[in-house]
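See below for the structure under consideration.
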Amino acid sequence: MKQSNFLLSCASFIVIIAGMKVASPILIPFLLAAFITILTLPILLFLNKNGIPKGISVFLIILILLLFGGSISFLLGSSISGFSSRIPFYTDQITSKANFILELISSFGFQIPKSAMNEYFDPGTAIQIIGNTISGLRNVLTNMFLIILTVLFLLMEASSFPSKIKKAFPNSKELFKSIKSFFDGFNRYLIIKTITSFTTGLFIFIWLYILDIDFPILWGIIAFMLNFVPNVGSILAAIPAVILALIQFGIIKALIVVLGFLIVNLGLGGLLEPRFLGKGLGLSPLVVFISLVFWGWVLGPIGMLLSVPLTMILKIALEYSPNTKWIAIIIGTEK
């Protein structure tokens, strides 16, 4: 009987994940809206406590989101357009540098045919991959209206959530306690992560601006966004800036760019974040990494961004059932 229940649970899980993967284009905007709602909910509660009506509080939050989203869209849009127009130039630069390397190797007596080089190495591929990745971020912003509209309705309903949960589960104080613990821990995680991500993006922008790397605002925004991705986000953010520095100025300045990313990521990501976030997540580092890969596969790049909160929600669901509580204990941190 237990074995059949386990197999049924596994089959149900597979069906749910398959459905999420198929429905990801529709699901992603609503998950982002929930993510933003949780982030802005403390602001709504603060304004309500200080006597500002809920309708006005929600209007102010939506106005801030529109201004912030509009600014990001404008900066990204202009930078992406400028970057796209210079892709042929960057491709030519990579080609010339590749030919120079071939000639240098040939001077030492090693002959590599250019036809073989072109077969295995396309100079424009790296630049095109960067351009496609950046365009993917812009595609997310095209759903901004739907996302903010969903946030509006979620914030209007937010104040009634606790009472609805108590009515739906009248005999489950542990569930309400778990949900409250999740929101407290997740808000703390978001606040610290947002501060460190903003600091990272600002530092990268200033560093690249001083080094005269093209489009420093673009790489600063990307560093800010990708810093929310655990473990590998900072590495992914560094790749396009380093490649661009290599194309523009050569290996010395590219190494200086790498140094800047190392300084900010070791200082913030390696020292400060673990100190403040280590106990706040309630997830082991291995589970954080696995969840990053898993949710990235299910939902794409946005899934990587939301991997931690989605896994935290899953952990709460597993804690609620006595049959799955042991899984929640295994994926959690040691107390």
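The values are calculated or read from the model by the stated rules, or taken from the named source; none is laboratory data. Just so we're clear, the structure is a prediction, and the values are computed from it rather than from any experiment. Quick reminder, even Gly has a Cβ in these numbers, built from the backbone with ideal geometry, and neighbours come from all protein chains shown. Keep in mind that these areas ignore ligands, DNA and RNA; they rest on the heavy atoms of the full protein, side chains included. Shrake-Rupley method; radii C 1.70, N 1.55, O 1.52, S 1.80 Å.
Beta carbons closer than 9 Å, at least 6 apart along the sequence or on distinct chains, pair a first residue in region 189-215 that is closer than 15 Å to ILE243 by Cα with a second that is among the charged types (D, E, K, R) and outside any helix (DSSP H, G or I) for LEU208/ASP214; ASP214/ARG86; PHE215/ARG86.
Residues are listed down the side, and each one gets a yes or a no for (1) in a helix (DSSP H, G or I); (2) modelled with pLDDT of 85 or more; (3) exposed (fewer than 10 other Cβ atoms within 10 Å of the Cβ):
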residue	(1), (2), (3)
GLN3	yes, no, yes
SER9	yes, no, no
PHE30	yes, yes, no
LEU39	yes, no, no
LEU47	yes, yes, no
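Applying the condition of being open to solvent by less than 60 Å² (accessible area, probe 1.4 Å) and closer than 18 Å to MET225 by Cβ to region 76-91 and asking which residue is nearest to the chain's Cα centre (by Cα) yields LEU76. Being over 23 Å from TYR90 (Cα atoms) and either surrounded by fewer than 21 Cβ atoms within 10 Å (Cβ to Cβ) or of a type outside the set (S, T, N, Q) (or both) is the filter here, so list the residues in region 204-247 that pass it. Result: PHE224, MET225, LEU226, PHE228, VAL229, PRO230, ASN231, VAL232, GLY233.
Applying the criterion of being at pLDDT 85 or above and open to solvent by 50 Å² or more (accessible area, probe 1.4 Å) to the residues of region 55-75, the residue that is farthest from PHE198 (Cα to Cα) is ILE56. Please pick out the residue among LEU299, LEU244 that is at negative phi and either at pLDDT below 85 or hydroxyl-bearing (Ser, Thr, Tyr) (or both). When all the criteria are applied, what remains is LEU299. If we scan region 38-54, do we find a residue that is within 16 Å of the chain's Cα centre (by Cα) and under 17 Å from PHE153 (Cβ atoms)? Among the residues of region 38-54, at least one is within 16 Å of the chain's Cα centre (by Cα) and under 17 Å from PHE153 (Cβ atoms), which makes the answer yes.
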